[in-house]
Amino acid sequence: MNTAILIATVLICLLSLAALLIWLERRLLGIWQDRLGPNRVGFLGLGQVVADMIKIFTKEDWIPPFADKGIFILAPTIVVIAMLMAFAVVPFAPDTSISNLNIGLLFFLAMSSLAAYSVMLGGYASNNKYALLGSLRAAAQTVSYEVFMGLSLMGVVLLTGSFNMSDIVLAQKEHGWFVFSQFVGFIVFLVAGIAESHRLPFDLPEAEHEIVAGFHTEYSGMKFGLFFIGEYLGVALISAVITTLFFGGWLGPEFMPPLFWFCLKTFIFICFFVLLRAAVPRPRYDQLMMFGWKVMLPISLLNLLITAALTLARAS
Amino acid sequence: MSIKAELEAEFGLPALHFQACADGVTTCWIIREDNAFVLRFLKTLGYVMLLDLSAIDERLRQHRPGQPAADFTVFYHLISFSRNEDVRIKVALSEDDLSLPSVVDVFPNANWYEREVYDMFGVNFSGHPHLSRILMPSTWEGHPLRKEHPARATEMEPYSLPDDILAREQEALKFEPEAWGMKRKTDTNDFMFLNLGPNHPSVHGVFRIALQLDGEKLVDCVPDIGYHHRGAEKMAERQSWHTFIPYTDRVDYLGGVMNNFPYVMAVEQLAGIEVPARAQMIRVMLAELYRIASHLVFYGTFAQDVGQLSPVFYMFIDREKVFDIISSITGGRMHSGWFRVGGVAQDLPQGWEIAIREFIQWLPSRLDHYQKMVMDNDIVKRRTVNIGDYSTEEAFAWGITGAGLRATGFKWDYRKERPYSGYEQFDFDVPVGSNGDAYDRAMVRIEEIRQSLRIVEQCVNNMPKGPYKAQHPLTTPPPKDRTLKDIETLIQHFVNVSWGPVIPHGEGYMAVEATKGINSYFLVSDNNTSSYRTRIRAPSFAHLQMIPLISNGLFVADLIAIIASIDFVMADVDR
């Protein structure tokens with residue numbers, strides 16, 4: 001029963017968070033770009049969230065006649081489902097996660113790579129050249145960045161001796177935040193995380209200046225909305241996982257509840273993601289690949305080797 | 001030896017016929033079979049760039065003293081940088097044999113120009129690789145710049161689109177790679193054809209490029225223009241000399257009065273009007289402010305096209321400050337149309353220099369900031385250095401002027417080499433690049449913003465006193481102060497305002513260093529209240545023609561960076 005209530009709460013919170021993030025991103029971008037952003041509807045423009053929802057729900061839901069209808073409809077749901085599932089293993093506070101899986105970290109990696117299908121199938125089913133280019137880019141990007149995303153986390157696993165997310169948080173009580181002992185791992189995971197959520201500078205699958213809107217060129221209405229929500233859920237997920245794995249999760253001074261610290265840290269990373277979008281230009285596709293395979297992969301392998309060696313040395 | 005003497009020595013007099021023009025450009029008539037030969041000879045003499053190629057429909061023209069008989073005239077305008085001289089070559093054609101040899105072999109950029117002449121006048125160029133319409137739709141009937149072609153919709157039947165014509169139009173829109181000179185496949189690969197534009201986030205207006213892709217690599221691309229064609233040259237033939245001024249504003253719509261500049265100067269040349277010093281400096285000041293505004297748009301969109309989303313907003317704030325200054329002087333923002341034949345519309349308002357001085361203080365530190373944010377950014381460099389590069393010789397061959405030419409390391413600025421409107425009094429540098437790549441083109445323009453600021457500052461410090469309009473009967477509208485004192489000026493005023501002035505017959509030509517390159521107006525007056533022929537040479541037209549040469553073999557993303565670095569305006573291409 002308790003779990004059911006938790007699931008419902010998390011679902012509601014996450015979905016409203018995703019909608020709220022749209023507003024947050026637009027306001028933050030507005031501030032950083034010397035303009036206002038949406039500030040007209042309601043207090044601080046918060047009503048914009050509602051207005052956007054009404055708009056997107058009442059828009060004509062159009063499926064292009066040349067598209068592969070079944071897959072076209074299926075694609076946007078995958079990303080939302082995968083992202084929501086991944087949140088099941090995130091510990092929000094002590095003993096507060098939907099499922100305290102022993103292989104929590106692996107489950108997160110599995111779910112986040114499933115989301116790639118959404119982009120690939122969406123682009124493929126659209127039967128549009130721009131969408132096809134976008135989904136090809138997405139496939140290549142995911143394959144390359146997935147590899148060292150997993151590798152970068154292995155250092156943390158070695159130090160903790162567990163794939164369980166709660167154990168990882170508790171281990172940081174002893175060892176201190178892993179961002180210090182696993183700094184390289186943190187950087188690599190951050191980069192991979194940005195690539196995973198297709199945010200600038202890794203937004204090549206939807207680079208509007210090159211391929212219009214990439215994989216979701218043909219999408220409109222709520223189907224487009226699902227891609228959008230999926231993207232923001234991804235941002236929130238990566239931020240939450242960074243917080244959990246490298247910044248001590250819910251740990252923090254006693255005067256505030258653990259949940260507060262978890263949310264605060266996650267929020268800071270979400271803002272960081274938005275700031276990236278305001279600040280960084282977009283590399284070219286081949287440069288991105290080169291960076292992944294020739295820079296990030298060796299670094300994450302080295303990091304794993306050194307961490308393993310040190311752990312072994314300490315044990316013996 | 002003058003070019004006239006050299007031509008005479010080479011070809012002998014009966015083959016040549018020289019014509020005197022108001023602009024002083026050596027103008028030589030040749031027989032049509034000689035055209036490629038003469039142009040090649042001129043190229044060896046240093047006339048390395050075909051600046052312009054167009055035609056005149058002479059059939060209704062009354063005043064052609066000293067010119068051979070012709071129904072149509074095709075003219076080539078060549079520029080020599082080493083001699084700092086121009087030459088115009090004309091070919092007379094008769095109505096029943098409208099054809100002449102193509103000169104694409106001599107000047108590759110003649111390709112589009114010859115297509116335009118074919119499109120507008122129906123002149124055939126034998127030996128042209130792909131003679132087809134360029135600005136008008138392929139289904140268009142008639143040739144718009146011919147005198148018998150209607151100029152207004154009201155001269156035509158009301159528009160209708162019956163089903164059979166609709167079907168024909170649809171059929172004409174069908175994309176056939178072969179018709180664009182592209183192959184569908186090789187032995188092993190099928191190519192993908194991507195239709196980039198005319199509506200696409202990065203093509204800066206309505207510009208279309210058909211891409212032949214192998215993966216994301218460009219095998220070939222073919223630009224398609226004409227979607228922004230509004231017939232500015234045709235409009236000039238029915239507007240009075242004065243009422244055409246605001247139309248010029250809309251040619252390079254980011255350049256504002258910069259477009260008025262060559263036009264009014266060419267009219268003044270024909271009319272023999274001497275513009276007072278104050279008016280000249282007001283013109284320079286406004287033109288340079290518009291140059292800053294235009295370059296800021298370029299800078300912002302350049303950053304945006306390589307994926308940096310914020311700079312454009314900062315730069316538009318600066319641009320808005322420029323527009324505040326401009327609107328405090330002219331009342332308009334982007335299209336102030338402030339220049340008049342013989343001067344400017346009004347004197348400067350009181351306190352005009354305050355906002356300008358503030359702006360001169362404001363912008364440099366912002367530019368330093370942008371330098372760090374955009375140009376020093378490693379990703380921006382990786383995206384633009386050595387991308388879309390060409391040599392000075394290639395720039396000559398394709399008619400590239402302005403920042404695109406200077407980015408190759410060739411230091412040539414119209415304002416320095418052929419000062420007009422008092423530019424010789426100003427102290428400013430001409431920035432150059434070295435590689436001729438996308439990055440250098442951007443750097444040159446950014447440095448030009450600083451140089452323009454210097455010029456504006458010198459204008460503020462040295463603005464001469466005196467009239468803002470010439471005391472000349474053809475000044476339009478004439479200065480008002482004397483009109484209520486004597487009847488002659490009153491009549492003059494009345495006639496010039498109601499009918500417009502009659503500009504003496506002749507041919508005039510003026511060019512300026514506009515925001516995007518050399519912009520020139522070639523005017524033919526037939527002793528009338530409107531122009532007989534107005535030829536607008538717009539820099540962007542030439543620049544787009546070069547895109548395939550510098551993009552093929554690169555990625556789609558590079559093409560976007562190249563397009564961004566060219567800084568074109570579609571209205572400036574299509575006119």
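Sites listed here are trypsin sites (Lys or Arg not before Pro) in the range B:365-450 whose DSSP assignment is loop and whose Cβ has at most 16 other Cβ atoms within 10 Å: B:411.
By how many nm would the segment from residue B:41 to residue B:495 grow when fully extended, if each residue of separation counts as 0.36 nm and the alpha-carbon distance is taken off? Can you show the working numbers first?
Values: separation 454, 0.36 × 454 = 163.44 nm, distance 4.83 nm.
My answer for the length gained is 158.6 nm.
Note on chain B: along the principal axes its Cα atoms extend 84, 62, 59 Å, ordered by decreasing extent.
With runs of 4+ DSSP H residues as the only contributors, calculate the mean residue ellipticity of chain B at 222 nm using -39,500 (n - 2.57) per run, divided by the residue total and rounded to the nearest 500. Don't skip to the answer; put the middle values down first.
Values: 20 runs with 221 residues, N = 575.
Roughly -11500 deg cm²/dmol at 222 nm, from the helical runs in chain B.
The calculated FRET efficiency for the pair residue B:376 and residue B:527, based on their C-beta separation and a Förster distance of 51 Å, comes to about 0.30. Distance between the modelled labels on residue B:199 and residue B:366, one decimal in nanometres: 3.2 nm (7 Å Cα→Cβ projection).
Where a ≥ b ≥ c are the square roots of the eigenvalues of the C-alpha gyration tensor, would you call the range B:232-569 rounded, which needs a/c under 1.5, or, failing that, prolate if a/b is larger than b/c, or oblate? Could the numbers behind the result be given before it?
Working: a/c = 2.37, a/b = 1.62, b/c = 1.47.
It is prolate, given that a/c is not under 1.5 and a/b is the larger ratio.
Length gained on full extension, residue A:127 to residue A:51: 24.2 nm, using 0.36 nm per residue less the C-alpha separation.
A DSSP coil position with no more than 14 other Cβ atoms inside 10 Å describes the following chymotrypsin sites (Phe, Trp or Tyr not before Pro) in the range B:143-199: B:159, B:175. In the range B:3-134, the DSSP beta bridges split such that about 70 percent are antiparallel, to the nearest 5.
Taking each residue as 0.36 nm, the span from residue A:16 to residue A:293 lengthens on full extension beyond its C-alpha to C-alpha distance by 96.0 nm. The aspartates and glutamates whose alpha-carbon is closer than 14 Å to the alpha-carbon of residue B:185, local same-chain residues fewer than 8 away aside, are B:176, B:214, B:220. For the range B:145-219, the list of trypsin sites (Lys or Arg not before Pro) that fall in a loop by DSSP and count at most 12 other C-beta atoms within 10 angstrom reads B:152, B:174, B:183, B:184. Checking the a/c ratio against 1.5 first, then a/b against b/c, what shape does the Cα gyration tensor give for the protein assembly as shown? Prolate, since a/c reaches 1.5 and a/b exceeds b/c.
In this simple spin-label model, placing a label point 7 Å from the Cα along the Cα-to-Cβ direction at both residue B:173 and residue B:552 gives a separation of 2.9 nm. Considering helices alone, the calculated mean residue ellipticity of chain A at 222 nm is -23500 deg cm²/dmol, with DSSP H runs of length four and up weighted by -39500 (n - 2.57) and normalised per residue. Each Cα pair under 8 Å and six or more residues apart adds its sequence gap; the mean of these over the residue count of the range B:232-569 is a relative contact order of 27 percent. Under a model in which nothing but the beta-carbon of Lys, Arg (+1) and Asp, Glu (-1) is charged, chain B shows a dipole of about 1320 debye around its Cα centre. For residue B:147, which lysines qualify as cross-link partners when the Cα separation must be under 25 Å and same-chain residues fewer than eight apart are set aside? Cα-Cα hits under 25 Å: B:90, B:234. Treating each Cα of the range A:2-315 as one equal point scatterer and applying the Debye formula with no solvent, the log10 of I(q)/I(0) at q = 0.11, 0.13, 0.15, 0.16 Å⁻¹ comes out as -0.70, -0.98, -1.29, -1.43. Taken over the range A:1-87, the convex hull of the Cα atoms encloses 160 Å³ per residue.
Counting pairs of alpha carbon atoms under 8 Å apart in space and at least six apart in sequence, what relative contact order in percent does chain B give? Relative CO of chain B lands at 17 percent.
Computed over the range B:483-526, the P(r) curve from all C-alpha pair distances, binned at 5 Å from the origin, holds 6, 18, 14, 14, 13, 14, 12, 7, 3, 1 percent per bin.
Taken along the Cα-to-beta-carbon direction at a fixed 7 Å, the label points for residue A:100 and residue B:488 span 10.7 nm.
Between residue B:434 and residue A:255, what FRET efficiency comes out of the Förster formula 1/(1 + (r/R0)^6) with R0 = 56 Å and r the beta carbon distance, rounded to 0.05? Please report the intermediate quantities before stating the final value.
Details: r = 61 Å, r/R0 = 1.09.
Efficiency at R0 = 56 Å is approximately 0.35.
Within 10 Å of each Cβ in peptide B:308-315, how many partner chain Cβ atoms are there on average? Round it to a whole number, please. Don't jump to the answer; show the numbers that get you there.
Details: counts 7, 12, 9, 3, 1, 7, 3, 0.
Partner Cβ neighbours, averaged per residue: 5.
State the percentage of accessible surface on the range B:3-134 attributable to carbon and sulfur atoms; use a 1.4 Å probe and exclude ligands, DNA and RNA. Please list the in-between numbers first.
Working: 2340 of 4720 Å².
With neighbouring chains kept in place, the figure for the range B:3-134 is 50 percent.
Give the interface area between chains A and B as buried accessible surface, both sides summed, probe 1.4 Å, in Å² to the nearest 100. The A and B chains share an interface burying roughly 2500 Å². Sequence-distant contacts, meaning Cα pairs under 8 Å at least 6 residues apart, place the relative contact order of the range A:1-119 at 20 percent.
Can you give me the accessible area per residue for chain B, using a 1.4 Å probe, in Å²?
Details: 21560 Å² over 575 residues.
That works out to 37 Å² per residue.
Among all stretches of chain B without exposed GluC sites (Glu not before Pro) (DSSP loop, at most 13 other Cβ atoms within 10 Å), which one is longest?
Working: sites that count: B:95, B:141, B:148, B:274.
The reported range is B:275-575.
Computed about its Cα centre, the charge dipole of chain A is approximately 340 debye, with only Lys, Arg, Asp and Glu carrying charge at their Cβ.
The values are calculated or read from the model by the stated rules, or taken from the named source; none is laboratory data. Here the structure is a predicted model, which is why all the values come from computation and not from measurement. Glycine also receives a Cβ, built like all others from the backbone with ideal geometry; neighbour counts cover every protein chain displayed. These accessible areas exclude ligands, DNA and RNA; they are computed on the full protein's heavy atoms, side chains included. Shrake-Rupley method; radii C 1.70, N 1.55, O 1.52, S 1.80 Å.
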